[in-house]
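Remarks on the structure that follows.
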Amino acid sequence: NSDIMLELRLMQYGVDQVLFLARDISKIHRLEEMRRDFVANVSHELKTPLTVVRGYVEMVQSTEHALDPYWQKVFDTMETQVSRMDRLVEQLLVLSRVEIHMDEEEKHLVDMPKLLKALIDDAQWLNQDKGHTITHEIDPTLALEGLDNELKSACSNLISNAIGYTPAGGNIHISWVKDGNKAKFSVKDDGPGIRPEHVNRLTERFFRVDKSRSRDTGGSGLGLAIVKHVLNHHHAELAINSRWGQGSEFIIYFEPKCIRSLSVA
Ligand code: ADP
């Protein structure tokens, strides 16, 4: 337990100091736990009323009688805002799940080539209107020992960010390959890039470089916080290479101990 480790390490500085710090840390842990539970409960409770409101909006939108332009606009706006809130609640639930993550959760063999191909197919299908060129290179033998839901969530967040922040007609390259003794997942785009002073803050909860632009793309500011937590459970690290005005590359490096091999026929 990290409290005890810290307490032992601090023993050399005197008993009073150790007791004070140990108590303080357990209080911080308790508060942090309460915050996580609170967010998880609120998000969960919001789901039902949201589903009801969405149902009514969809019902009105699908009536045979055309609405007059004023009411059409009102209901279109309601639909957009309800969808945004839905996505936000969904992301909050995913974040609470990965934050609360239990170590005893069973890791298993994750067929990354299959998981990534499905994500890329979905991305291509759902974003045809943006006219992006999405290319990929996937090592068919490279798998991981991990949690498939979490890995899917991390990879799909990086892919949807590249698609969302790159202006129409951009180029996105996704790769899953060996790099030395590590496995490397990379999403590279030729979008706007990120200023150096913002790069270190990207994985903070609710941090968005440009709030209004992020809102337009349906962003919540939680995607990269989710990625960070997932990587903490998977012996992996995030690297961000980006230059303002020259695109970005988000890379996940997985340590050799979680790499597995698939045999391909
Ligand atoms: P969001 O839901 O707002 O996309 P994220 O945590 O996924 O939240 O990303 C945080 C911020 O990082 C975004 O609001 C955006 O400003 C920036 N960002 C993430 N990916 C990219 C990218 N590929 N290109 C440019 N900016 C990006």
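The values are calculated or read from the model by the stated rules, or taken from the named source; none is laboratory data. Since we're looking at a predicted model, the values are computed, not measured. For neighbour counting, all protein chains shown are included, and Cβ atoms are generated from backbone atoms with ideal geometry for every residue, glycine included. Ligands, DNA and RNA are stripped out before the accessible areas are found, and what is left, the full protein with its side chains, is counted by its heavy atoms. Shrake-Rupley method; radii C 1.70, N 1.55, O 1.52, S 1.80 Å.
Compute from the Cα atoms of the chain the Rg and the Dmax, the latter being the longest Cα-Cα distance, and quote both in angstrom.
21.9, 78
Quick one: order THR135, THR48, THR166 from most to least accessible surface, probe 1.4 Å.
Highest to lowest solvent-accessible surface, that is THR48, THR135, THR166.
Membrane-span-like helices in the chain: DSSP H runs reaching 18 Å or more (Cα, own axis), mean Kyte hydropathy at least 0.0?
Long hydrophobic helices here: 112-126.
How much accessible area does VAL177 have with a 1.4 Å probe, in Å² rounded to the nearest 10?
Using a 1.4 Å probe on the heavy atoms, I get roughly 30 Å².
Could you work out [θ]222 nm for the chain from helices alone, using -39500 (n - 2.57) per DSSP H run of at least four and dividing by all its residues? Round to the nearest 500 deg cm²/dmol.
Result for the chain, helices only: -18000 deg cm²/dmol.
Normalising by the residue count of the stretch 65-221, find the relative contact order in percent from Cα pairs under 8 Å and 6+ residues apart.
20 percent
Using a 1.4 angstrom probe with every protein chain in place, what is the largest-first accessible-area order of VAL227, VAL53?
Listed by decreasing accessible area, they come as VAL53, VAL227.
Given the options GLU145, GLU45, GLU99, which has the most mean-square fluctuation in a GNM of the chain, springs set between C-alpha atoms less than 10 angstrom apart?
With Cα springs under 10 Å in the chain, the top fluctuation among GLU145, GLU45, GLU99 is at GLU45.
At 1.4 Å probe size, what's the solvent-accessible area of SER186? Round to the nearest 10 Å².
Surface open to solvent at SER186 totals about 0 Å².
I'd like the distance between the alpha-carbon centres of the stretch 205-265 and the stretch 161-199, rounded to an integer number of Å.
Measuring centre to centre over Cα atoms gives 9 Å.
Remind me, relative contact order of the stretch 162-241 in percent, using alpha carbon pairs under 8 angstrom and six or more residues apart?
22 percent
What accessible area, in Å² to the nearest ten, does a 1.4 Å probe give for PHE206?
Approximately 100 Å² of PHE206 is accessible to the 1.4 Å probe.
Which of the listed residues, GLY191, GLY55, ASN149, is farthest toward the dipole's positive end in the chain, when Lys, Arg count +1 and Asp, Glu count -1 at the beta-carbon?
GLY191
Among all lysine pairs in the stretch 40-168 that are eight or more places apart or on different chains, how many have alpha carbons less than 25 angstrom apart?
Total qualifying Lys-Lys pairs in the stretch 40-168 comes to 10.
Sorting VAL264, VAL82 by accessible area (1.4 Å probe), largest first, what list results?
VAL264, VAL82
What's the local net charge at GLN91, with K and R +1, D and E -1, over the other residues with C-beta under 13 Å away?
So the surrounding residues net to +3.
Averaged per residue, what accessible area in Å² does the stretch 90-132 show with a 1.4 Å probe, protein chains only?
Ligands and nucleic acids excluded, the figure is 64 Å² per residue.
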